[in-house]
1. For Asp356 and Glu48, calculate 0.36 nm times their separation in residues minus their Cα-Cα distance, and state this gained length in nm to one decimal.
2. Listed highest first by mean packing, meaning other Cβ atoms within 10 Å per residue, what order do 23-32, 152-161, 344-353 come in?
3. Determine, from the Cβ-Cβ distance of Ala123 and Thr168 and an R0 of 30 Å, the FRET efficiency 1/(1 + (r/R0)^6), rounded to the nearest 0.05.
4. For Ala81 and Arg195 in one chain, what is 0.36 nm times their gap in residues minus the Cα-Cα distance, to one decimal in nm?
5. How much of Met259 can a 1.4 Å solvent probe reach, expressed as accessible area in Å² and rounded to 10?
6. Using a 1.4 Å probe on the protein heavy atoms, what percent of the accessible area of segment 63-182 belongs to carbon and sulfur?
7. Please work out the C-alpha center-to-center distance from segment 31-89 to segment 120-158 and express it in whole Å.
8. List the relative contact order of segment 50-105 as a percent without decimals, with contacts defined as Cα pairs under 8 Å and 6+ residues apart.
Amino acid sequence: MVGPLSLALWTALRGLRSRLGALLITVVAVALATATALVVPLVTRQVERGAQAAAQVFDLLVTAPGSGTQAVMSSLFYTGAPIGNIPERVYEELRDAPGTRRAVPIALGDNYLGFPIVGTTAAFFDQRVRPSDPPYFRIGQGGLFAREHDAVVGARVAREVGLRVGSTFVGAHGLGEHHLEGEEEHDEAHSEPYRVTGILAPTGGPVDRAVLTPIETVWEVHDEDQAAGREVTAVLYSADQLSGIYVTAQRLNAGRDAMAVFPGQVFAQARDVLLQGQAAYAALALLVLGIAALTVWLSVYTSGLERQRTVALLRVLGAGRGTVFALVLLETLLTVTLGVGLGLGLALFVSTVGGDVLGVRLGFTLAAPQLTWALVSRTLLLIPLGLLAALPPAVVAARVSPLRLL
């Protein structure tokens, strides 16, 4: 003997198969609603985790006074124009101050095929997340620069341009200009070629797309050979004690020559703004989920009209009202569950592809999207919403008299 639930399940599957077109429309609607509710939060968290991972090695950033966000984006992520320059003496005072573990100068202003040329010192390669950790930036091939116009290139630069240890290239002035190979006219200052001495191991951060060279090279190219006129774009500062970092930041921010920025604080402020945007997006997502639930109701109502003769036949064969009621709910449960599952996969796919594209634009690798229970539970609301929408058609179907239809 076939039980009532088994009969309802078998009939539900047969019914869905006979209405394949309507089923696909409903499943796609639910899947799109699910993906819409998840994609933006997933990508936002990818950017947040990727940015924090890329900047975790930098304790304190010292730049010209201005916007902290602009300072971090330009000097750490090499995106956009720097605020300005600060005198070299600010860097020297930080370097020679008691309690300083490391002060690394940064000088920007040139590029190679759109990749920023970053003037710095050998101390750049000694930066660590924690003092006991190995250096964060490691040479994968070759060695460090030793003289002016030597260059250590990031892994992405070497991969995309095809540079190898011993390769030479000519830079161009500006942060976003693309110097084309084969151009015959170069200004005299930028005509001397760089020679690749090393290639960095991949980090997933913005340094992968940087060309690192002795800071004296940048000064020479920009006619800052005289010590009195030398400037740096930023200084990456680290102290022996955490308290020393805060004391240095307070002292610099009390003056007029420079500004101290904690990258972590900038990310926290940006996160607050993103959370406000996500709150508005969450309201929109709920609206989309509500529209999906309405779509489910329309689908169930329409299919209910089509299945009236089937319901009547089931009643004649001995199926009770509960079996008919379960039939409608089972069809709805199968449809919505299939749509939600497809939507979860679609959200992960779009977030992965979008994260890769966005990471290329931002200059650092975004972590793989992670589905948390908080996000998944938001979309699982569609299942009870769909069943709730199916209740009225289920009640109507259970009350249908087989004598009226047969």
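The values are calculated or read from the model by the stated rules, or taken from the named source; none is laboratory data. The model shown is predicted, which means the values in this text are computed figures rather than measured ones. Heads up, the Cβs are rebuilt from the backbone with ideal geometry, glycines too, and the neighbour counts pull from every protein chain shown. Side chains included, ligands, DNA and RNA excluded: accessible areas come from the protein's heavy atoms. Shrake-Rupley method; radii C 1.70, N 1.55, O 1.52, S 1.80 Å.
1. Length gained, Asp356 through Glu48: 109.5 nm.
2. Highest to lowest by the protection proxy: 152-161, 23-32, 344-353.
3. Values: r = 26 Å, r/R0 = 0.85.
Efficiency, rounded to the nearest 0.05: 0.70.
4. Values: separation 114, 0.36 × 114 = 41.04 nm, distance 2.58 nm.
Full-extension gain reported as 38.5 nm.
5. 30 Å²
6. Numbers: 2640 of 5270 Å².
Within segment 63-182, the accessible surface is 50 percent carbon and sulfur.
7. 21 Å
8. It comes to 24 percent, rounded to a whole number.
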